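Visitor: Please read through the structure below; I'll follow up with questions.
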Amino acid sequence: MARHDAPHTARTTTDDSSLLPDSGNEFDRVRVHWARVWPELDTRALPLVARVMHLSRDVETFHELALRPHSLGHPEYAALSILRMQGEPYQLTPTELSRTLHQTTAGTSKTIDRLVGLGLVERTRHPRDKRRTLVGLTDEGVRVAEAAVESEARARAHLVRALGDDTDVLKALDALIGAFGAANRALGADTGFPPHPG
């Protein structure tokens, strides 16, 4: 059974601020800190992971600010925008919606329930197979979806102004997505808990 306690090597306790160099950014300073107090620890990927985690928080804030006028969370917005993107009659089966959202079936069901409660989507029987259910936008759902999509587009314009048409950024992000996907599959194999598809 794996041990979770730190190795029993002597370490000197000092004021954290004395371990941080004056140059570099916060992500690299954390690695320097760990390297000094725990030299055996492999910290090569720490600056990368710290940057990605910071970016993830910034993306959450980005969506929150863009969607706040519409009182929507990102899961609700994603479902509405995907349904609007289908074109009339703005419908998908719950399974199709779940797959497109890269969300579990249970998570998608909760999102649909919230949107039904808000009067933005409705469940109906499939016209050709009564055993199946369709999820579709109501008239109010179409209005809110279009307004929210336009708000997101205006918000993304700030990113375009900051980055321009920088394809190197997209290539780097694609490489990160691939690297984290491979790492997650390896971790799943090591731990016996495979990651959710996504």
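Visitor: Are there any pairs with C-beta distances below 9 angstrom linking a residue in region 141-161 that is surrounded by 11 or more Cβ atoms within 10 Å (Cβ to Cβ) to a residue that is among the β-branched types (Val, Ile, Thr) and outside any helix (DSSP H, G or I), with the two at least 6 apart or on different chains, and if so which?
Guide: 141/121
Visitor: May I ask you to list pairs of residues, at least six apart or on different chains, whose Cβ atoms are under 6 Å apart, with the first in region 171-186 being within 19 Å of residue 46 (Cβ to Cβ) and the second being surrounded by 12 or more Cβ atoms within 10 Å (Cβ to Cβ)?
Guide: Final answer for the pair search is 184/195.
Visitor: Of all residues in region 141-194, count the ones that are of a type in the set (Lys, Arg), closer than 21 Å to residue 61 by Cβ and either at pLDDT below 90 or over 18 Å from the mean Cα position of the chain (by Cα) (or both).
Guide: Residues that pass the stated criteria total 2.
Visitor: If you scan region 52-74, which residues turn out to be over 30 Å from residue 117 (Cα atoms) and without any contact (Cβ under 8 Å) to a residue 60 or more places away in the chain?
Guide: 53, 54, 55 - these are the residues of region 52-74 that are over 30 Å from residue 117 (Cα atoms) and without any contact (Cβ under 8 Å) to a residue 60 or more places away in the chain.
Visitor: Let me ask another. Give the residues of region 162-191 that are of a type in the set (Asp, Glu) and surrounded by 11 or more Cβ atoms within 10 Å (Cβ to Cβ), sorted by residue number.
Guide: The one that is of a type in the set (Asp, Glu) and surrounded by 11 or more Cβ atoms within 10 Å (Cβ to Cβ): 166.
Visitor: Please go through region 104-122 and give me each residue that is on the phi < 0 side of the Ramachandran plot and touching a Gly at 6+ places or on another chain (Cβ under 8 Å), ordered by number.
Guide: Answer for region 104-122, where residues must be on the phi < 0 side of the Ramachandran plot and touching a Gly at 6+ places or on another chain (Cβ under 8 Å): 115, 120, 121, 122.
Visitor: Find all pairs meeting these conditions: Cβ atoms under 9 angstrom apart; at least six residues apart or on different chains; first residue within region 38-51 and modelled with pLDDT under 90; second residue of a type in the set (A, V, I, L, M, F, W, C) and surrounded by 14 or more Cβ atoms within 10 Å (Cβ to Cβ).
Guide: none
Visitor: May I ask you to list the residues in region 75-91 that are in contact with a helix residue (DSSP H, G or I) (Cβ under 8 Å, 6 or more places away or on another chain) and either small (Gly, Ala, Ser) or without any contact (Cβ under 8 Å) to a residue 24 or more places away in the chain (or both)?
Guide: If the condition is that a residue be in contact with a helix residue (DSSP H, G or I) (Cβ under 8 Å, 6 or more places away or on another chain) and either small (Gly, Ala, Ser) or without any contact (Cβ under 8 Å) to a residue 24 or more places away in the chain (or both), then 78, 79, 81, 82 are the ones that fit.
Visitor: Moving on to the next point. Is it true that residue 67 is farther than 20 Å from residue 151 by Cα and hydrophobic (A, V, I, L, M, F, W, C)?
Guide: no
Visitor: For region 89-125, enumerate the residues that are within 15 Å of residue 144 (Cα to Cα) and either in contact with a Cys (Cβ under 6 Å, 6 or more places away or on another chain) or of a type in the set (D, E, K, R) (or both).
Guide: Residues satisfying the conditions are 114, 122.
The values are calculated or read from the model by the stated rules, or taken from the named source; none is laboratory data. None of the values given here were measured: they were computed from a predicted structure. Please note: Cβ atoms are built from the backbone with ideal geometry, for glycine as well, and neighbour counts cover all protein chains shown.
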